[in-house]
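I have placed the structure first, in the form of structure tokens, so that the comments after it can refer back to it.
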Amino acid sequence: MSGSTNIPRVKAPGGGVIPDMLHDEIAGRFADAGVMIFEDVLAEALVAGLHDSYGAAYANYHQDREFADALVVGDKRTMITIAVNGRFNDPELYANPTIFPVIAKLLGDDVILGSFVSVTSLPGSLDQKPHLDMPLLFEAEHVSPELPSYSLTLVIPLVDMNATNGTTAFFPGSHKVIAAEAPDTSPVAPDVPVGSALLFDARIWHGGTPNRSTAPRPVLYNTYQRSWFRDTVNFMSQRPLVMDATEWAKIPEQHRFLFDWARPPQA
Ligand SMILES: O=C(O)CCC(=O)C(=O)O
């Protein structure tokens, strides 16, 4: 196991963006732990608006059953594709000025946004089995811990992630270990309040914790990938990225590269 047993937290000085000179150091700390929390990166009002838009468009998924276009990822827990439109079509979300430079440092400048979804746990959901979101890249597993990151997920809570609503528990450093199951240690289950966000490496062991509240707990899950990498296991029955030509036109030129691979017809 690597030296990391906790989840590093990063806060931009004065609530601004992180100076360029610190990106290498932050990327190094991320590479060691495989998970990192970025504090106070989104205005609470912005997240409240996203929560409203999410509820208006996706409440029909708040049922304990299977859907043709969503994935059950655990007990009362569903992965839902969120269309990049309205409030969700916002560079603060997909190219956040504090977090994105660190993502680009870790994945290279030709990084893409591979999927844009929510994971929503319903009241009464149980612990999710610790897992990796996808199989390791090479069958010769010993190769994997040596590799730099190739897929990172940014979790943006739409309600506070905590022991009541449910959070995601991580085994820091486990992305550098070859194992068929999660480490035999206690995971770290962080509080991630609305306005903060959490980044994790696809190779880290993790699992959602129970939702003990009376309301659904949606979190946005933006997965960034090196341009050559595709997730071949989680999107068998739903599209990873949904965006029509009108929304495409609203993406500022400098961020188009994130979406180019999924460019809609007529865009
Ligand atoms: O619901 C959560 O907090 C974690 C979800 C998760 O890890 C997954 O669906 O892969």
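The values are calculated or read from the model by the stated rules, or taken from the named source; none is laboratory data. Keep in mind that what you see is a predicted model, and the values were worked out from it rather than measured. Note that each Cβ is placed from the backbone with ideal geometry, even for glycine, and that neighbours are counted across all protein chains shown. Areas reflect the complete protein model, heavy atoms only, side chains present, ligands, DNA and RNA absent. Shrake-Rupley method; radii C 1.70, N 1.55, O 1.52, S 1.80 Å.
In the structure displayed, which of LYS129/LYS176; LYS105/LYS129; LYS76/LYS129; LYS11/LYS250 lie more than 22 Å apart, Cα to Cα?
Values: LYS129/LYS176 20 Å; LYS105/LYS129 31 Å; LYS76/LYS129 13 Å; LYS11/LYS250 29 Å.
Beyond 22 Å between Cα atoms: LYS105/LYS129; LYS11/LYS250.
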### Message
When only alpha-carbon atoms are used, what values of Rg and Dmax, in angstrom, describe the range 71-181?
### Response
15.8, 44
### Message
What's the magnitude of the charge dipole for the chain around its Cα centre, counting Lys and Arg as +1 and Asp and Glu as -1 at the beta-carbon? Answer in Debye, nearest 20.
### Response
320 debye
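Report the relative contact order of the chain, percent, no decimals, based on alpha-carbon pairs under 8 angstrom and at least 6 residues apart.
28 percent
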### Summary
Expected unfolding gain across ALA83-THR232 under the 0.36 nm per residue rule, minus the alpha-carbon gap, is 51.7 nm
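Once every DSSP H run of n ≥ 4 in the chain is given -39500 (n - 2.57) and the sum is divided by its residues, what mean residue ellipticity at 222 nm do you get, rounded to the nearest 500 deg cm²/dmol? Can you show the working numbers first?
On the way: 5 runs with 44 residues, N = 267.
My calculation for the chain gives -4500 deg cm²/dmol from helical runs alone.
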### Task
For GLY114, list long-range residues whose amide hydrogen, built 1.01 Å from N in the peptide plane, is under 5 Å from its own amide hydrogen.
THR223, TYR224, GLN225
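Show TRP228, TRP261, TRP205 ordered by accessible area, largest first, where the area counts protein heavy atoms only and the probe is 1.4 Å. Numbers along the way, then the final one.
Values: TRP228 150, TRP261 90, TRP205 25 Å².
Result of the area sort, largest leading: TRP228, TRP261, TRP205.
Quantify, in whole percent, the carbon and sulfur part of the accessible surface of the chain (1.4 Å probe; protein heavy atoms only). Please list the in-between numbers first.
Working: 6270 of 11790 Å².
Answer for the chain: carbon and sulfur cover 53 percent of the accessible area.
Solvent-accessible area per residue for the chain at a 1.4 Å probe radius, Å²?
Numbers: 11790 Å² over 267 residues.
Dividing the accessible area of the chain by its residue count gives 44 Å².
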### Query
Top mean-square fluctuation among ASN89, ASN165, ASN60, Gaussian network model of the chain, C-alpha springs under 10 Å?
ASN60
#### Entry: From phi via Karplus (6.51, -1.76, 1.60), per-residue ³J(HN,Hα) for the range 129-134 in Hz, x at Gly/Pro
4, x, 7, 9, 6, 7
### Query
Distance in nm between label sites at GLU146 and ARG239, each 7 Å beyond Cα in the beta-carbon direction?
4.0 nm
### Query
Between LEU126 and ALA43, what is the spin-label point distance in nm, taking each point 7 Å from the Cα along the Cα→C-beta axis?
4.3 nm
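As an exercise, use a Förster radius of 51 Å and the Cβ-Cβ distance of ARG256 and ASP184 to find the FRET efficiency, rounded to the nearest 0.05.
Details: r = 45 Å, r/R0 = 0.89.
FRET efficiency, ARG256 to ASP184: 0.65.
Output the relative contact order of the range 148-210, whole-number percent, from Cα pairs under 8 angstrom with separation of 6+ residues. Working shown, then result.
Details: 118 pairs, mean separation 32.4, N = 63.
Once divided by the residue count of the range 148-210, the mean separation gives 51 percent.
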### Query
Amide H of GLY208: which non-local residues (sequence gap of 5 or more, or other chain) have their own amide H closer than 5 Å, using H built in the peptide plane?
GLN128, ALA169
## Note on the structure
Note, the range 165-181: 3J(HN,Hα) by Karplus (6.51, -1.76, 1.60, θ = phi - 60°), whole Hz, Gly/Pro = x, goes 6, x, 9, 10, 8, 10, 10, x, x, 6, 6, 9, 10, 8, 7, 7, 9
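Calculate the FRET efficiency for LYS11 and ASP52 from the Cβ-Cβ distance with a Förster distance of 30 Å, rounded to the nearest 0.05.
Values: r = 27 Å, r/R0 = 0.89.
The pair LYS11/ASP52 has a calculated efficiency of 0.65.
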#### Entry: J(HN,Hα) series, the range 251-260, from Karplus relation 6.51 cos²θ - 1.76 cosθ + 1.60, nearest Hz, glycine and proline x
6, x, 3, 5, 10, 4, 4, 5, 10, 3
